[in-house]
Every structure is written in structure tokens, then in C-alpha cells.
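In what follows, a single structure is set out as C-alpha cells and then discussed.
The values are calculated or read from the model by the stated rules, or taken from the named source; none is laboratory data. Owing to the predicted nature of the structure, the values given are computational and were not obtained by experimental measurement. With ideal geometry, Cβ positions are generated from the backbone for all residues, glycine too; neighbour counts draw on all protein chains shown. Surface accessibility is based on the protein's heavy atoms, side chains included, excluding ligands, DNA and RNA. Shrake-Rupley method; radii C 1.70, N 1.55, O 1.52, S 1.80 Å.
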Amino acid sequence: MKFSEKILSVKPSATLTITSKAKAMKKEGKDVIILAAGEPDHDTPDVIKKAAIKAINDGLTKYTPASGTLSLKKAVCGKLKKENGIDYSTDEIVISNGAKHSIFNALLSLCNEGDEVMIVEPYWVSYPEMVKIAGGVPVALKTSPENGLKLSPETLEKAITEKTKALILNSPSNPSGVVYDRSELEEIAGICADKGVYIISDEIYEHIIYDGKKHVAVASLSEEIKKMTITINGVSKSHSMTGWRIGYMACDKKIADLASTLQGQATSNPCSISQAAAEAALTEDMSSEFGANLEKFTKRRDRLIELLEDEDRISPLKPQGAFYMFCDISACGLDSLTFAKRLLDEKSVAVIPGGPFGDDRFVRISFATDMQTIEEGMRRIKDWVKTL
Ligand code: PMP
Ligand code: GLU
């Protein structure tokens, strides 16, 4: 039997694989410290759960339109207008099974075989693999710690060829925590719009931004940029709804129609009950939850930085957004996979190696966990590093 060469070439998601391995070890009774999770540790707010229970009791248990209910699309439009200052109509919105699915739909709708899609290194592990499945060619754009791991306009301009279809931008970024300023986004998105390159703007961490920095939605920058932008967002990280699987894309109607047809033939609608829950998430006032979560994440980030101050061989990049600390471990003399594997085997601490994010000098430490776990994890890591 000859299986699909395309799918055989796809690497499994390191973030999902390591996190589930660590969770399974914990279930077996092992004393594992999980600093790998890509999801907030707090529960989904009650008001959202109640909306889901009501949806079940009201019989909202049937198929919805494949691209999502009109009322959830209206809620998404309301959110994009209120929080991001962008006008979209409901026929420019497609609701999917998580933001990952939205990005996948966007890539499949845009790419022909051999089209190049630029991704900024370090990148979220799924971007290059999704580009490959869509028939595209991922082109990694280098950044350096000296320029704060941000994409420079020069690097972008040099990478654009006649085959370039899109750039995937992710601010705040997983894994680096980088947040782009308005002027930086204007320059980068302006180059793309001028050259006819689409921007897939993954804004899933928009509510987790530190030190008073403000999120700028790429599509809000200008009409020209908006036409070339596919905004990706969802409720997974902002409302702690990773298991509910609701994400969305907002873009030109022609692309939304393609994504909607694709979804109609592939998965049909995302779960009707989750859609009702997401509608509550986007229409209820969540400002106090957002504030409390941000305060919690800020304290953890600052504590992690403090705990690493006296360990020269682990150099963290202070994240401006999201809940990950990308740490340079190259001074430990191990590649990132060996570092993460040995740390899990020898000290039962799970972190994600930087290799699958495109930078083998780093590991990603998640601080989406309680302070006690962070402190114990760092104690074990520091003890272990001394033995290397
Ligand atoms: N984009 C980034 C950068 C992420 O880290 C994640 C995390 N899973 C996603 C998209 C996908 O989110 P979702 O769970 O809504 O599919
Ligand atoms: N995005 C999260 C992470 O990077 C969740 C896992 C995944 O979907 O990859 O860990």
C-alpha cells in the first residue's frame, strides 16, 4: 500500500505531542511538572458555560450553516468593530473548528501547488506543515535576537518572488512573545499590499499583551491593507475555550466563500453548542476576566524572569505578549530536542524544544500554569542545568 506522500511528509505537532505525553505521565501518578501547555490554566467563565447549557436545553443540537450561525457571525462582526475598529459584514466571516482550522482553510483557499507562503522564524509549529498540506512551499524568514526576533522590512522585501502568495504574521507571537507596533505593522503590511501578497494575520493572543502595549489589528491599518488581509482569531486563548474548538476568519467575501465551500465539503459546521457559547463569549462584558487573567500572567512572567536571573546558561526573551518564555539554552551545550527529552526523562519537567519552531537554540517554557508549578519547575531545571 502506498500512502499519501504529502501526508507522510507532515511532522506531528510537537506542542500537542509533548503536552499529551506529559499529561499521560501525570495521570499514571508521576510527579511531572508541565511547562509545555499552550492553553490558559483557568476554566471557561460560567456565563459562557451557561449559554452552552441553555443551547442544549433549547434544542440547538442540529446542523447549522456550514460557515457558522448568522448570530455568531454578527457577534464576531461586533467584536471586530468594537475592539479592533474594523468593519466586516457577516458574509465576510467564516466560523471554524478553532483558529488552527481557520488558518488551514485560509491556506487551502489561497494556495496553488508550488505557491510560496512566508512565515516568520521562530514560527508556531503548525504553520509550515499546514502550508505543505495546502500544496504551498513554506519560506522561513529569518529574524535575530539583536532585532528582538522581529521581521525586518528588508528581509521581507528580499523574500518576495513571483510565486509568493502570502505572509503569515502572528502578533503577539507564539513562541517568542513578540508584539509588533503599529508603525512596524504598517511597513510590513504595506509592502505586502503593494506587492499583491496576502497577509494571514493570526491574532489569537490579542488579549494577552503586557506592559500597557496595545494590540493593533492588521486589517485596521488601511482599506488597501484590509483587502489583502485574512484576520484569524478565536475564543480559545482569550476566553479559555481551547476544548470548545471555535475560531474564525474575516476577509474579502470571495475568499470567505471559498473557505465556506471547502468547510461545507470537509467538516460541515463547527459544533452548534460551542457556537452558542462563543456568541456569549463575544457579546458578554468580559473586561474584568481579561484584566484578572492579564494580572495573573504578568506576575508569573515577572517571577520566571526573576528566577532565571542567576542562571547564565538559560537566557529568556522577555515576552511582550502570549504566555510563553522563549529561552536560549545554547550555552548548555545541548540541542533543544535533547535538552527537552533529557529534562523530561531525568527531572520530569516538560518544556517544548525550539527546533520545531525553527530555532534549535531555544526551548519554550509555558507559564500558563500556577505559580507553585512554575517555581518547582524552575528549581528542577536550574538544579539539572548545574549537572550538565
Ligand atoms: N495560532 C497560534 C499562534 C496558536 O498558538 C494556536 C494555539 N493552538 C492557534 C493558532 C490555534 O488555536 P485554536 O486552539 O483556536 O485552534
Ligand atoms: N497553540 C498551542 C501551543 O502552541 C496549543 C497546541 C497546538 O495547537 O499546537 O502549544
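A few points about this structure:
- Of all the numbered requirements in (1) in contact with a Cys (Cβ under 9 Å, 6 or more places away or on another chain); (2) over 26 Å from HIS42 (Cβ atoms); (3) of a type outside the set (Lys, Arg), VAL363 misses one, and that requirement is (2).
- Applying a threshold of 8 Å to beta carbon distances and a minimum spacing of six or more residues, or different chains, the list of pairs starting in region 88-112 at a residue that is within 16 Å of ligand 2 (Cβ to nearest atom) and ending at one that is among the charged types (D, E, K, R) and open to solvent by less than 30 Å² (accessible area, probe 1.4 Å) reads ALA99/ASP202; ILE103/ASP202.
- Considering region 164-207, the residues that are touching a helix residue (DSSP H, G or I) at 6+ places or on another chain (Cβ under 6 Å), open to solvent by less than 10 Å² (accessible area, probe 1.4 Å) and within 16 Å of ligand 1 (Cβ to nearest atom) include one that is nearest to ASN84 (Cα to Cα), namely SER201.
- Residue in region 1-18 that is nearest to the chain's Cα centre (by Cα), counting only those that are hydroxyl-bearing (Ser, Thr, Tyr), assigned to a loop (DSSP other than H, G, I, E, B) and under 21 Å from GLY355 (Cβ atoms): SER13
- For region 280-308, filtered to residues that are touching a residue at least 24 places away in the same chain (Cβ under 8 Å) and within 18 Å of VAL351 (Cα to Cα), the residue that is surrounded by the most Cβ atoms within 10 Å (Cβ to Cβ) is ARG301.
- Remark: pairs (first residue in region 120-135, without any contact (Cβ under 8 Å) to a residue 12 or more places away in the chain; second residue assigned to a loop (DSSP other than H, G, I, E, B); Cβ separation under 6 Å; 6+ apart in sequence or on different chains) are absent.
- Scanning region 65-98 for residues that are over 16 Å from ALA278 (Cβ atoms) and polar (S, T, N, Q) returns ASN84, SER89.
- Boolean, LYS237 is basic (Lys, Arg) and either crowded, with 24+ Cβ neighbours inside 10 Å or within 16 Å of ligand 1 (Cβ to nearest atom) (or both): yes
- Extreme residue, surrounded by the fewest Cβ atoms within 10 Å (Cβ to Cβ), among residues of region 151-163 that are part of a loop (DSSP other than H, G, I, E, B) and either more than 16 Å from ligand 1 (Cβ to nearest atom) or of a type in the set (Val, Ile, Thr) (or both): GLU162
- All positions within region 8-26 that are more than 13 Å from ligand 1 (Cβ to nearest atom) and in contact (Cβ under 8 Å) with a residue 60 or more places away in the chain: SER9, VAL10, LYS11, ILE18, LYS21, ALA22, MET25
Residue-by-condition table, conditions (1) over 21 Å from the mean Cα position of the chain (by Cα); (2) open to solvent by less than 40 Å² (accessible area, probe 1.4 Å); (3) at negative phi:
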residue	(1), (2), (3)
ASP312	yes, no, yes
LEU317	no, no, yes
ARG342	yes, no, yes
TRP384	yes, yes, yes
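- Applying the criterion of at least 1 residues that are more than 30 Å from LYS214 (Cβ to Cβ) to the helices (runs of 4 or more DSSP H) found wholly in region 277-388 leaves 336-347, 371-386.
- Any hit, region 41-53, residues being closer than 29 Å to ALA292 by Cβ and in contact with a strand residue (DSSP E or B) (Cβ under 8 Å, 6 or more places away or on another chain): no
- LEU337 being in contact with a helix residue (DSSP H, G or I) (Cβ under 9 Å, 6 or more places away or on another chain) and surrounded by fewer than 18 Cβ atoms within 10 Å (Cβ to Cβ): yes
- Filter result (within 21 Å of PHE104 (Cβ to Cβ), among the hydrophobic types (A, V, I, L, M, F, W, C) and open to solvent by 20 Å² or more (accessible area, probe 1.4 Å)) within region 1-57: PHE3, ILE7, LEU8, VAL10, LEU16
- Restricting region 119-142 to residues that are of a type in the set (Val, Ile, Thr) and more than 16 Å from ligand 1 (Cβ to nearest atom), the residue that is most open to solvent (accessible area, probe 1.4 Å) is VAL137.
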